[in-house]
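A short reminder: the numbers here are calculations on the coordinates, not readings from a lab. Note that this is a predicted model, so its numbers are computed, not measured. All Cβ positions, glycine included, derive from the backbone under ideal geometry; neighbour counts span all protein chains shown.
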Amino acid sequence: MIGFNTPQSNASGPPYEPGDPACLTWVDSGDFLETRTLTNGYFCNGSITIPDGVTSIGESAFQGATALTSVSIPNSVTEIGAMAFLNATSLASVSISNSVTSIGSSAFEGTTSLTNFTIPNSVTSIGSSAFQGALALSTISIPRSVETIGSFAFRDTASLHTVTFERESLLHTLETGVFYDADALESIEIPRLVTSIADYAFYGANSLTTVRFLGTTPLLGTQVFLGIDNEAKAFVNRSQFESFTASISGSEGYKWDPIDLEVFTYPSGDTTCLIRESAQIINGVDCVGPITIPNTTTSLQDNSFFSAESLTSITLPSTLTSIGARAFESATSLSLIRLMGAAPSVGVDAFLNVASGAIARIDQVHQSSYVLVDGLWNGLVLEVIIPPVSNTTTSGNAALDQEIERLREAEKKLARANLVTLVRESAPLTLDLFNQASISGVTAKNFPGVAAEIAELPIDRRSQIDEILKIARKFEVVDKVASSDRIYSSMLQEVGLIAQDSKHKAALTAALRKLPASERTSYLAIKQAIDAQMTEIQTRKTRLSEVVAQIAARRKG
């Protein structure tokens, strides 16, 4: 069955108004119309929204549609066909749904005005020359789901300066000429699973100065880096340095020209040093300083931190159930292992040759699960944190009290660092995390709202504990306002409900106290009530000014 609108030829230009979907032609197929392929949009112009129900954008559907400026693709579309938007030279933006799984060969080739394009995390394949000649495209982020990128996919993308592969990308190969003549590209991070880089992959990318390899030494094709910056450097993890050195100094070392090799050093505490697969840590050998393992982790694999000589301390979450054999062997600077939960299973030689006198620090509540052999737990000194009876209770021993306070403060810092790491990585949060971090005001009732607001923080603010504390305090104040008449202007000012310089804070606070509790159960409701009261105050002031003016006028008369 065919359902379509047949465009009429018009030598003077497209016959349709800008944005008119009547310019589209599609074909239905299947006994129950299971598929609807959009086959022609050549005469479309302006901004077009493809109707819901279209399941694929067919081959060459918008090829040469030079008057098309933007397109919105609905959730029903799963495939963008080959040459779908080839040479649609005015196309500047594309809104693509999270249901598309493949982008065909040359799909956006020659879209010289395309500046923004977000590849959804449903896409598994990007065809050859898919974005070739997209001259205005400046940044592209390739999600973890993408398994294949065809040859010359980003060739001649003259403005493309930033390419980001999502962590734990499933990509295994960079195909021939994938970034050929991408001459604005300055740096790139090669995903961990990439094992081969084909001929001419970065040929002519003459601004490229930094290539970082997350995984092992890849097999290189012909002239992979020819024409890039003569001072370009390849940064590799310390654990892989020897294998890269062997490749560069071997019989085919010329393939690396003109790249020099350096070891990449992670900042202290940076958890991007961790290589993960699902809930498992498989490698952290390059980690530096103190590290907090994310709460989503259930196991550390064999040899995961073997010879991690710069690792000084590590916090293991309560979710951890196993530590693999030789996991921390020869991590010679490791002096503190903080375990937040019950004892995990531990493989052979897990802590062999760590720092002398290394401590495993645990909470008293979990002590019974830690079995000692010759006074040690897996060769580590077991240190048990005994919580004070209350925050005001002292032991009578000043030195002991100071040590307890120091430990409490250290635990709080570690827990807050762990929380910030999880927020930065958009990992799931739990109420227990806030309790461990001594962040007050977060309850079982308001936790969903707190977590949702934290998830909306911009990326550049997710690494700041103060931002998390502000959100927690905001919900704490709302709960107090909703459940008590003991409302103070200072708390309302603290969370932005009343301006700091307000001359009416007393009146606004008093009015809020008089409201029924049912009308002050959310931040929005409280804000609306305060705004309404402020409007009333302003109205009264305006009326008073008018009366004063009238009286003054009468006196003059």
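Loop-only check: which GluC sites (Glu not before Pro) in region 33-123 are DSSP coil with at most 12 other Cβ within 10 angstrom?
Values: sites: Glu34, Glu59, Glu79, Glu109; in loops: Glu34, Glu59, Glu109.
Of the GluC sites (Glu not before Pro), the ones in loops of region 33-123 whose Cβ has at most 12 other Cβ atoms within 10 Å are Glu34.
Using the Cα centre of region 271-385 as the reference point, and only Cβ charges (+1 on K/R, -1 on D/E), how large is the resulting charge dipole? Debye, rounded to the nearest 20.
The calculated dipole for region 271-385 is roughly 200 debye.
By the scheme Lys and Arg +1, Asp and Glu -1, what is the net charge of all other residues having a beta-carbon under 15 Å from that of Leu382? Walk me through the numbers before you get to the answer.
On the way: positive: Arg338, Arg361; negative: Asp363, Asp374, Glu383.
Every neighbour counted, the sum reads -1.
Could you bin all the Cα-Cα distances of the chain into 10 Å bins starting at 0 and give me the percent of pairs in each, rounded to whole numbers?
Calculated over all Cα pairs of the chain, the distribution is 3, 13, 17, 18, 18, 16, 9, 4, 1, 0, 0 percent.
What does DSSP give for the chain in terms of the percent of beta bridges that are antiparallel, rounded to the nearest 5? Working shown, then result.
Details: 11 of 72 bridges.
Expressed as a percentage, antiparallel bridges in the chain total about 15.
With every atom except the alpha carbons ignored, what do you get for Rg and Dmax of region 393-473, in angstroms?
According to the Cα coordinates of region 393-473, Rg and Dmax are 14.7, 47 Å.
Please tell me which of these pairs span more than 29 angstrom C-alpha to C-alpha: Lys474/Lys505; Lys474/Lys514; Lys445/Lys470; Lys412/Lys505; Lys233/Lys413?
Violating the 29 Å Cα-Cα cut-off are Lys412/Lys505; Lys233/Lys413.
Taking the Cβ of Gly441 as the center, what net charge do the other residues with Cβ under 9 Å away carry, scoring Lys and Arg +1 and Asp and Glu -1? Spell out each step's value before the answer.
Values: positive: Arg473, Lys474, Lys480; negative: Glu476, Asp479.
Taking every Cβ under 9 Å from that of Gly441, the sum is +1.
Remind me, relative contact order of region 393-473 in percent, using alpha carbon pairs under 8 angstrom and six or more residues apart? Walk me through the intermediate numbers first.
On the way: 56 pairs, mean separation 23.7, N = 81.
Relative contact order of region 393-473: 29 percent.
Given region 484-557, report the % of alpha carbon pairs whose separation exceeds 17 Å.
Working: 1339 of 2701 pairs.
The proportion of pairs with Cα distances above 17 Å equals 50 percent.
About the Cα centre, and with charges only on the beta carbon of Lys, Arg (+1) and Asp, Glu (-1), how big is the dipole of the chain? Nearest 20 debye, please.
On the way: 39 positive and 57 negative charges, 672 e Å.
That gives the chain a dipole magnitude of about 3220 debye.
With each run of n ≥ 4 DSSP H residues scored as -39500 (n - 2.57), what mean residue ellipticity at 222 nm is computed for the chain after dividing by its residue count and rounding to the nearest 500 deg cm²/dmol?
That calculation yields -7000 deg cm²/dmol at 222 nm.
Rounded if a/c is under 1.5, else prolate if a/b is larger than b/c, else oblate: which is region 316-374, with a ≥ b ≥ c the root eigenvalues of its Cα gyration tensor? Before the final figure, lay out the partial values.
On the way: a/c = 1.68, a/b = 1.46, b/c = 1.15.
Prolate, because a/c is 1.5 or more and a/b exceeds b/c.
Can you give the local net charge around Ala82? Use residues other than it whose beta-carbon is closer than 12 angstrom to its beta-carbon, Lys and Arg +1, Asp and Glu -1.
On the way: positive: none; negative: Glu59, Glu79, Glu109.
Net of charged neighbours comes to -3.
If you average the sequence gap of Cα pairs under 8 Å that are 6 or more apart and divide by the length of the chain, what percent do you get for the contact order? Could you put the intermediate results ahead of the total?
On the way: 1339 pairs, mean separation 24.1, N = 557.
Reported relative contact order: 4 percent.
Work the Kirkwood hydrodynamic radius out for region 131-203: mean of 1/r over every pair of different alpha-carbon atoms, inverted, in Å.
12.0
Principal axes first, then extents: for the Cα atoms of region 271-385, list largest minus smallest coordinate on each axis, whole Å, largest first.
33, 28, 23
Please identify every one of the GluC sites (Glu not before Pro) in region 449-557 that sits in a loop by DSSP and has no more than 11 other beta carbons within 10 Å of its own beta carbon.
Values: sites: Glu453, Glu456, Glu467, Glu476, Glu494, Glu519, Glu536, Glu546; in loops: Glu456.
Sites meeting the loop and neighbour criteria: Glu456.
What order do you get for 293-305, 43-55, 352-364 when each peptide is scored by the mean count of other beta carbon atoms within 10 Å, highest first?
Numbers: 293-305: 20.5, 43-55: 18.5, 352-364: 16.5.
Result, highest mean first: 293-305, 43-55, 352-364.
To the nearest µm²/s, what D does Stokes-Einstein give for region 63-137 at 10 °C and 1.306 mPa s, using the Kirkwood radius over alpha carbon pairs as Rh?
Working: Rh = 11.8 Å.
Here the translational diffusion coefficient equals 134 µm²/s.
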